[in-house]
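Visitor: Following this message is one structure expressed as structure tokens.
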Amino acid sequence: MMIVNIAGILLIAFIVWWFWIYKNLPVAVAGSTAVDIVVDAGIYSPSVIHAEVGKPLTLRFLRKDGNPCSEKVIFGDLNVSADLPLNIPHEVRLTPKSKGEFEFTCQMAMYRGKLIVE
Ligand SMILES: [Cu+2]
């Protein structure tokens, strides 16, 4: 009984870590060079990108996940989407027009990333 409880607590701790801590850790700052983002195992890495208003940025997605759902990356609020080929880097260029936080996701929003424009 005790072992079951401990296993349950460990499982909960793992889920919390996975969804709230680990997924939000990697951060990149967009500058004059492209930001490389790996799409694999349910995570955009890095998943938080900082950018500046009015400055063009290039996000270079490398999709390693064969799941067809991950082949699209959608920036809903920015009206930008792209098809990501498998294992071939694909560049998405955009220029944020306003400050704010803009989410980008795969088709079913299992993959989630955030563009923070300052
Ligand atoms: Cu998906």
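Visitor: Name the pairs: first residue in segment 100-118 and among the aliphatic types (A, V, I, L, M), second residue in a loop (DSSP other than H, G, I, E, B) and within 12 Å of the ligand (Cβ to nearest atom), Cβ to Cβ under 8 Å, at least 6 apart or on different chains?
Guide: Listed pairs, sorted by first residue: Met110/Gly42.
Visitor: When segment 87-110 is examined, which residues are found to be within 16 Å of the ligand (Cβ to nearest atom) and within 19 Å of Ala34 (Cβ to Cβ)?
Guide: Hit for segment 87-110 is Phe104, nothing else.
Visitor: For segment 94-106, which positions are modelled with pLDDT under 95 and in a strand (DSSP E or B)?
Guide: Hit for segment 94-106 is Leu94, nothing else.
Visitor: Here is a follow-up. With (1) modelled with pLDDT under 95; (2) within 16 Å of Lys114 (Cα to Cα) as the list, and Val73 as the residue in question, which single condition is left unmet?
Guide: Single failed check for Val73: (1).
Visitor: Sticking with this structure for a sec: Quick check on segment 67-86: of everything there that is in a helix (DSSP H, G or I) and more than 16 Å from the ligand (Cβ to nearest atom), which residue is surrounded by the most Cβ atoms within 10 Å (Cβ to Cβ)?
Guide: My answer is Leu78.
Visitor: Take the residues of segment 33-64 that are more than 11 Å from the chain's Cα centre (by Cα), touching a residue at least 40 places away in the same chain (Cβ under 8 Å) and assigned to a loop (DSSP other than H, G, I, E, B): which is surrounded by the fewest Cβ atoms within 10 Å (Cβ to Cβ)?
Guide: Gly54
The values are calculated or read from the model by the stated rules, or taken from the named source; none is laboratory data. Model, not experiment: these values are computed from the prediction. Methodologically, a virtual Cβ is constructed for each residue, glycine included, from the backbone with ideal geometry; neighbour enumeration extends over all protein chains shown.
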